[in-house]
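The values are calculated or read from the model by the stated rules, or taken from the named source; none is laboratory data. This structure is a prediction, so every number in the text was calculated from the model and none was measured. Neighbour counts are summed over all protein chains in view; Cβ atoms, including those assigned to glycine, are modelled from backbone coordinates with ideal geometry. Accessible surface areas use protein heavy atoms only, side chains included; no ligands, DNA or RNA. Shrake-Rupley method; radii C 1.70, N 1.55, O 1.52, S 1.80 Å.
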Amino acid sequence: MPGCRKFDAASLPPTPPQRVELQRYVRTGRRAPRAANDNRRVTAPSAWYWAIVVGAMPTVGLLVALSTLL
């Protein structure tokens, strides 16, 4: 039928491939994805903060003891 036009993909020119950007696949400087059942706070302190505090306590205690003697 002359009035009926079909879509003929073979008659179209080939399309050039789209540019692939690495930025879509590499995640740097962002928070890691979390599990749905992860109930921790987003800004929860890491364990090494506590290690620094525990390691500094003997030094602080010694300074306080020496300052009371002076």
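The number of residues in the range 35-47 that are open to solvent by 90 Å² or more (accessible area, probe 1.4 Å) and modelled with pLDDT of 80 or more comes to 3.
If you filter the range 9-34 down to residues that are open to solvent by 100 Å² or more (accessible area, probe 1.4 Å) and outside any loop (DSSP other than H, G, I, E, B), you find that the one that is modelled with the lowest pLDDT is ARG24. The one condition from (1) exposed (fewer than 10 other Cβ atoms within 10 Å of the Cβ); (2) modelled with pLDDT of 70 or more that TRP50 does not meet is (1).
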